[in-house]
Structure formats: structure tokens, C-alpha cells
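Every read-out reported here was derived from the displayed coordinates using simple, explicitly stated rules and does not represent laboratory data. Computed from a predicted model, the values in this text were never measured in an experiment. Quick reminder, even Gly has a Cβ in these numbers, built from the backbone with ideal geometry, and neighbours come from all protein chains shown.
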Amino acid sequence: MRRALALLLAGLAAGALAQGTAGGLFQAIDSNGDGRISEAEYVAYMSQGFYRRDRNHDGVLTPDELPGGHGKSVTLQQWQDDLRREFHQLDRNHDGYLSPHELMQPPR
């Protein structure tokens, strides 16, 4: 599941970077424009990858909907729980928000 999540997240980030810069990705995620990304904003934006892959809109990514066409099924809840864990790994100063610098760092 983590591999599938990593591939989808990389695709989202690559798409945003192809449209502009790392700052463009930050602005896309920062939906309220306050200059920082909350956990809710991060999860909402990064969940778009799940929604795009969930072709039958049943809230579960089955192996045929995952990159490479194999792996274990992933529910939306599992997907978002992984995103929350990733958010907290990125939030290096533990203030509950991501700065542009934190967003662009690889998770620990």
C-alpha cells in the first residue's frame, strides 16, 4: 500500500511541478491562502489521487485500480490515514502546519 501511495503522490507532485514550480504545488495545496498547509488541506489535496483512481467510486482502490495493476486493496480511510502519518513526518517543527520548505523535504 505504501508503494502505491508513494507512486500516486509522486504523480500528483510531478503534475503540479510540470505546471509551474514547487511554489505552485504549495499554493495548490494551501486552499485558504494563509501561507501554510494544515493537515486537512494536505489530506484533501492528496486524496485527489485516490478519487481519480477509484474508477467505480466505491471508496476502495482494488488491485486493478492501483499503479501496476496489482497490490492489496486500499480503502479511502486507509489512504487518508497514511496521508496523515506522512503529514506529521513532513511537519519537522511539529507546529501542525507545513511550510514550503517542509513540504518539499522527503518524509522521514
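Here is the figure for the stretch 31-79: residues that are at positive phi and either in a helix (DSSP H, G or I) or touching a helix residue (DSSP H, G or I) at 6+ places or on another chain (Cβ under 7 Å) (or both) total 4. Within the stretch 40-53, the presence of at least one residue that is out of contact with any His (no Cβ under 7 Å at 6 or more places or on another chain), free of Cβ contacts under 8 Å to residues at least 12 places away in the same chain, over 22 Å from A22 (Cβ atoms) and not basic (K, R) is confirmed. Within the stretch 92-108, the residues that satisfy the criterion of being touching a residue at least 24 places away in the same chain (Cβ under 8 Å) and part of a loop (DSSP other than H, G, I, E, B) are G96, S99. Could you go through the stretch 85-99 and let me know if any residue there is of a type in the set (D, E, K, R) and under 13 Å from the mean Cα position of the chain (by Cα). Yes, there is a match, as at least one residue in the stretch 85-99 is of a type in the set (D, E, K, R) and under 13 Å from the mean Cα position of the chain (by Cα).
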